[in-house]
Amino acid sequence: MKRYGHYIGGKETAPRGGSYLASENPYSGEAWAEIARGNADDVAAAVSAARAASTNPAWSEISASKRAALLRKVADLIIEEAPRLAQIEQRDNGKLASEVTSQVRYVGEYFHYYAGLADKVQGHVVPNDKGGALTYIRYEPKGVIGIITPWNSPLTLTSWKLAPALAAGCTAVIKPSEFTSCAIVEFADLFRRAGFPDGVVNVVTGFGDEVGAPLVSHPDVAHIGFTGGEAAGIRVYELAARGLKTVTLELGGKSPNIIFDDADFDLALNGVFAGIFAASGQSCQAGSRLLLQRSIHDEFVARLVAFTKGLKLGDPTLAETQVGPIATRPQFEKILKYIDIAKAEGARCVAGGNARPDLGAGQFIEPTIFTDVDMRMRIAREEVFGPVLCVIPFEDEADAVRIGNDVAFGLAAAVWTKDLHRAMSMTAKLKAGTVWVNNYRATSFTAPFGGMKRSGIGRESGLDAIREYLDTKCVWIANAPARKSS
């Protein structure tokens, strides 16, 4: 069985506590690897390595153009190694092999994009009102960045933070989910191969309270980039606040997928599938609330139920599989609990609603659809993070906006219509960090992604992301002779 240590200072390192955790394949249920169970001492060692690298002239004094060249080298390595890395990640989290492979290849493009931005971080001169001084702005790396990522897309979500942080000139300590750490340790070694100085990228694996909390609290960590659930995000925010650290938090969602009566039904049907059943609903941007204009409600639900019943569940390594297993046992049990809650509150289950013990190790849940849902139900307000869709009717545009915004979250939303004026009006009124029109789940390294309300703080991807990892410094240089005292 493969055993992974931490990755500290350019090499794999055994855990100081001597303990390891099993990494299990969600489809087979078999433990296939072990990861180091880290503690505060491991975190301290990784932060020390990252801090030393941040002041090492081999990193801190190289030109932005040379930093960009390193990022291009690692980007090419990621693309080259994508099939291997994707296989490791897929074995850890059970996502469809085809989806993971394309995601990992795209990770390389993220690094190419931020390589292009590394030498575009430019200050500017400020025309001050005092006179007698040149005033200008410098943007400088914040220092050591703590990166904490979940189990659903570990390589992608790590790269959303790491690529801009490195482009800004920062160093990093990564704490991946204890369920999906193996690919991240392998990923970290690509930076050594690309020529990055030792300590620029470090990984400490283990549990949140034993590794994540010490990382957030460490006085030498300047900024935290976190993706995960709302409760964990609040805890990270509280710990970071004690050290007056800045944070980027990409948290949960309860995103509305809004379909008007003039929408292209076939296009919208595929969008609903991509929005909630792709990745078995284990996506922060999942379109878990389907809002249907009342005049098309029954027809669309009938077509959706028929479509859902034809989906193939099974081995995620096979090309024909459309829905894979739930990534972790705790999440599997949580989803089943929410299905029971929905039924108890009066929602009507028109498709799915059951576990599938006959598939793999039994960690499967059928794509599930609830109708007769209203916004007082927990199923309509709380993030399930699984293949569970609640259908809610609406009357008109104003009603759709009211229902769409009537949750604590604001990560994403979608509108399906052929009416351009309606589309423009809806995108302006929906309180979400991303709004798609006639598509769902499209993301790009060029486009900022993040949430409003309780869905997070800050933005990832695009130009906005690199600013999360930069401090602003104002410089005043006297350019007039000092006056002599009389």
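General observations
- Members of the range 332-377 that are open to solvent by 30 Å² or more (accessible area, probe 1.4 Å), polar (S, T, N, Q) and touching a residue at least 40 places away in the same chain (Cβ under 8 Å): none
- The set of residues in the range 163-183 being under 19 Å from R84 (Cβ atoms) and either in contact (Cβ under 8 Å) with a residue 60 or more places away in the chain or among the small types (G, A, S) (or both) consists of T180, S181, C182, A183.
- Some residue of the range 423-441 being in a loop (DSSP other than H, G, I, E, B), surrounded by 20 or more Cβ atoms within 10 Å (Cβ to Cβ), over 27 Å from the mean Cα position of the chain (by Cα) and of a type in the set (S, T, Y): no
- Any hit, the range 473-481, residues being more than 22 Å from the chain's Cα centre (by Cα), open to solvent by 60 Å² or more (accessible area, probe 1.4 Å) and small (G, A, S): yes
- Residue in the range 315-331 that is at negative phi, without any contact (Cβ under 8 Å) to a residue 40 or more places away in the chain and either crowded, with 21+ Cβ neighbours inside 10 Å or outside any loop (DSSP other than H, G, I, E, B) (or both) present: yes
- Search result, residues across the range 69-102 that are surrounded by 24 or more Cβ atoms within 10 Å (Cβ to Cβ) and without any contact (Cβ under 8 Å) to a residue 60 or more places away in the chain: V100
- Qualifying residue in the range 333-343 (condition: touching a Gly at 6+ places or on another chain (Cβ under 6 Å), under 28 Å from L251 (Cβ atoms) and part of a loop (DSSP other than H, G, I, E, B)): no
- None of A380, A432 is over 26 Å from A306 (Cβ atoms) and either in contact (Cβ under 8 Å) with a residue 12 or more places away in the chain or in contact with a Gly (Cβ under 6 Å, 6 or more places away or on another chain) (or both) except A432.
- Restricting the range 122-169 to residues that are aliphatic (A, V, I, L, M) and surrounded by fewer than 18 Cβ atoms within 10 Å (Cβ to Cβ), the residue that is nearest to the chain's Cα centre (by Cα) is I137.
- One residue stands out among those in the range 187-214 that are assigned to a loop (DSSP other than H, G, I, E, B) and surrounded by 21 or more Cβ atoms within 10 Å (Cβ to Cβ): the one that is farthest from the chain's Cα centre (by Cα), which is P197.
- Within the range 287-301, the set of residues being under 28 Å from I326 (Cβ atoms) and either modelled with pLDDT under 95 or surrounded by fewer than 24 Cβ atoms within 10 Å (Cβ to Cβ) (or both) comprises F300, V301.
- Selection count where residues are buried (at least 24 other Cβ atoms within 10 Å of the Cβ) and either under 23 Å from A165 (Cα atoms) or among the hydroxyl-bearing types (S, T, Y) (or both), scope the range 253-284: 3
- Test: residue in the range 230-244 that is within 20 Å of N152 (Cβ to Cβ), of a type in the set (D, E) and open to solvent by 10 Å² or more (accessible area, probe 1.4 Å): yes
- Exclusive hit being farther than 29 Å from A361 by Cα and out of contact with any helix residue (DSSP H, G or I) (no Cβ under 9 Å at 6 or more places or on another chain), set E61, E80: E61
The values are calculated or read from the model by the stated rules, or taken from the named source; none is laboratory data. For clarity, every value in this text was computed on a predicted model and none was experimentally measured. Note: ideal-geometry Cβ built from the backbone for every residue, glycine included; neighbour counts use all protein chains shown. Accessible surface is based on the protein model in full, side chains and every heavy atom, while ligands, DNA and RNA are left aside. Shrake-Rupley method; radii C 1.70, N 1.55, O 1.52, S 1.80 Å.
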